[in-house]
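*Asks:* Have a look at this one before I ask anything.
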Amino acid sequence: MNRRVYLDHNASTPVHPEVVEAMLPYFAERFGNPSSIHGFGREAREGLDSARERIARFLRVSKDEIVFTSGGTESDNLAIKGVAAARGRGHIVTSAVEHHAVLRTCAALEGQGFSVTVVPADGYGMVDPDDVQRALRPDTILVSIMHANSEVGTIQPVGAIGALTRARGIPFHVDGVQTFGKLPVDLDALGIDLFSFSGHKIYGPKGAAGLYIRKGIRMASVQHGGEHERRRRAGTENVPGIVGLGKAVEVRERDMAVEEGRVRALRDRLWEGLSARVPEVRLNGHPTERLPGTCNVCFRHIESESIVLGLDLKGIGVSAGSACTSGNVEPSHVLLAMGIPLDWAMGTVRCSVGRGTTAEDIDYVVDSVEPLAGKLRSLSPARV
């Protein structure tokens, strides 16, 4: 029987046992609607409030600045559409390597009469703050740049960009789904006004996420209904999920510093093994300013889907890029924006290390990739 190795933590993570334990009472015993004023509702409200306060402390913000959502995609939509709806018209700046939740939201607004500028990224997938500065206009109402790329892991210079936007009074949205709970984040020091985060990337449940909205930022609701979340996001809150998100944050705050170094060492061990034993392989993303657990590589003249499926037969879970674009046979928009040649880009695989990964797992992956890559390359028409 094959060893089972999961290296797709950027896509989703297993729920931490402490998180499961914290959530369980809110499925059966404390099941009330948090908007109800009776005892059952108050029990649910206490769980909701406790999670909000815990997350606010972690981000060093006010609890009233945290809005719970169903996921990172909804958080991105609420941030961008909420600011746009409050302004009515104007110009938005984003980058070519953003998640589709940002790029397609901006494209939708462009169809409604807003103007959008998409700034480029360099060969490492990094945005130049000077390009952002040149893109700013008198009618710019929002800048949206991610904190770290989910595919190649490059960490963006959001502090420098935040200084530009703050000096001009322009709201700055950061998709922080990949860095929240993985790296220290000081929202005020970085000049961030809106910050998206999600639970299932940090060993919390799926369907529980949030958006930080700095006090004073003009926002309009994009989902209408009841009075939930201070009228910023209507709909009964996912109490068990939010409780789990709060617990996941507590666990990450405790374990993050030690785990970051361990995960980084395993990531580097993986790349060193692959580069030493597999010919024609290249590392994508910035060599140093990169998520500690992300190793995105290209195998020349091999299709990424073949590598993913071949490793799956060995019990290894990796990604051909972003899990959100699975089934797409074209190279990702991130790789194209980075200028990676097609014969390399078509063979891109993302491995993302997590808290359960061991050195033995990494060695097993390298041992499995070497013969697989050789076999697939020998069968490649492009190679011939």
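*Asks:* Considering only residues that are touching a strand residue (DSSP E or B) at 6+ places or on another chain (Cβ under 8 Å) and modelled with pLDDT under 95, look in the stretch 221-271 and name the one that is surrounded by the fewest Cβ atoms within 10 Å (Cβ to Cβ).
*Replies:* ARG230
*Asks:* Go through (1) surrounded by fewer than 24 Cβ atoms within 10 Å (Cβ to Cβ); (2) in contact (Cβ under 8 Å) with a residue 40 or more places away in the chain one by one and return the number of the condition THR154 breaks.
*Replies:* Of the numbered conditions (1) surrounded by fewer than 24 Cβ atoms within 10 Å (Cβ to Cβ); (2) in contact (Cβ under 8 Å) with a residue 40 or more places away in the chain, the odd one out for THR154 is (1).
*Asks:* Do you know which residues across the stretch 325-357 are in contact with a strand residue (DSSP E or B) (Cβ under 9 Å, 6 or more places away or on another chain), under 22 Å from TYR6 (Cα atoms) and either without any contact (Cβ under 8 Å) to a residue 12 or more places away in the chain or part of a helix (DSSP H, G or I) (or both)?
*Replies:* Selection gives SER326 alone.
*Asks:* Here is a further query. Do you know which of the residues in the stretch 117-152 that are touching a strand residue (DSSP E or B) at 6+ places or on another chain (Cβ under 7 Å), assigned to a loop (DSSP other than H, G, I, E, B) and among the small types (Gly, Ala, Ser) is nearest to CYS351 (Cα to Cα)? Reasoning before the result, please.
*Replies:* As a first pass, look at the stretch 117-152 and keep what is touching a strand residue (DSSP E or B) at 6+ places or on another chain (Cβ under 7 Å): 117-119, 121, 124-127, 131-132, 135-137, 139-148, 151-152.
Remaining after also requiring assigned to a loop (DSSP other than H, G, I, E, B): 121, 124-127, 136-137, 139, 145-147, 151-152.
Subset that is among the small types (Gly, Ala, Ser): 121, 125.
Working: ALA121: 22, GLY125: 17 Å.
Out of the qualifying residues, it is GLY125.
*Asks:* Run THR73 past the list (1) in contact (Cβ under 8 Å) with a residue 40 or more places away in the chain; (2) under 19 Å from LEU211 (Cα atoms); (3) hydroxyl-bearing (Ser, Thr, Tyr) and report the number of the one that doesn't hold.
*Replies:* (1)
*Asks:* Now for a separate question. Just to be sure, is PHE197 buried (at least 20 other Cβ atoms within 10 Å of the Cβ) and touching a Phe, Trp or Tyr at 6+ places or on another chain (Cβ under 6 Å)? First the steps, then the outcome.
*Replies:* On the way: buried (at least 20 other Cβ atoms within 10 Å of the Cβ): yes; touching a Phe, Trp or Tyr at 6+ places or on another chain (Cβ under 6 Å): yes.
The answer is yes for PHE197.
*Asks:* Turning to a different aspect of this structure: One residue is enough: does the stretch 346-363 have a residue meeting the conditions farther than 24 Å from THR154 by Cβ, buried (at least 18 other Cβ atoms within 10 Å of the Cβ) and modelled with pLDDT of 95 or more?
*Replies:* Within the stretch 346-363, the subset farther than 24 Å from THR154 by Cβ is 356, 358-361, 363.
If we keep only those that are buried (at least 18 other Cβ atoms within 10 Å of the Cβ) too, we end up with 361.
Subset that is modelled with pLDDT of 95 or more: 361.
Yes.
*Asks:* Provide a single number: the residues in the stretch 292-317 that are assigned to a loop (DSSP other than H, G, I, E, B), modelled with pLDDT of 95 or more and surrounded by 24 or more Cβ atoms within 10 Å (Cβ to Cβ).
*Replies:* Residues flagged as assigned to a loop (DSSP other than H, G, I, E, B), modelled with pLDDT of 95 or more and surrounded by 24 or more Cβ atoms within 10 Å (Cβ to Cβ) within the stretch 292-317 amount to 1.
*Asks:* Could I ask something else about it? Out of all the residues in the stretch 224-243, which are under 18 Å from ARG42 (Cα atoms) and part of a helix (DSSP H, G or I)? Steps first, answer last, please.
*Replies:* Here is the first cut: in the stretch 224-243, the residues under 18 Å from ARG42 (Cα atoms) are 226-230, 235-243.
Across the stretch 224-243, the qualifying residues are HIS228, GLU229, ARG230, VAL239, PRO240, GLY241, ILE242, VAL243.
*Asks:* Can you name the residue in the stretch 364-373 that is out of contact with any Lys or Arg (no Cβ under 8 Å at 6 or more places or on another chain) and surrounded by fewer than 19 Cβ atoms within 10 Å (Cβ to Cβ) and is also nearest to ARG300 (Cα to Cα) among such residues?
*Replies:* PRO371
*Asks:* I'm trying to understand the selection: among the residues of the stretch 183-215, which are more than 21 Å from ASN149 (Cβ to Cβ), assigned to a loop (DSSP other than H, G, I, E, B) and either of a type in the set (A, V, I, L, M) or modelled with pLDDT under 95 (or both)?
*Replies:* Within the stretch 183-215, ALA189, ALA208 meet the criteria.
*Asks:* Got a number for residues in the stretch 85-108 being free of Cβ contacts under 8 Å to residues at least 60 places away in the same chain, surrounded by 21 or more Cβ atoms within 10 Å (Cβ to Cβ) and among the aliphatic types (A, V, I, L, M)?
*Replies:* 2
The values are calculated or read from the model by the stated rules, or taken from the named source; none is laboratory data. Quick caveat, the model's predicted, so the values are computed rather than measured. Cβ sites come from the backbone with ideal geometry, for glycine too, and all protein chains shown count toward neighbours.
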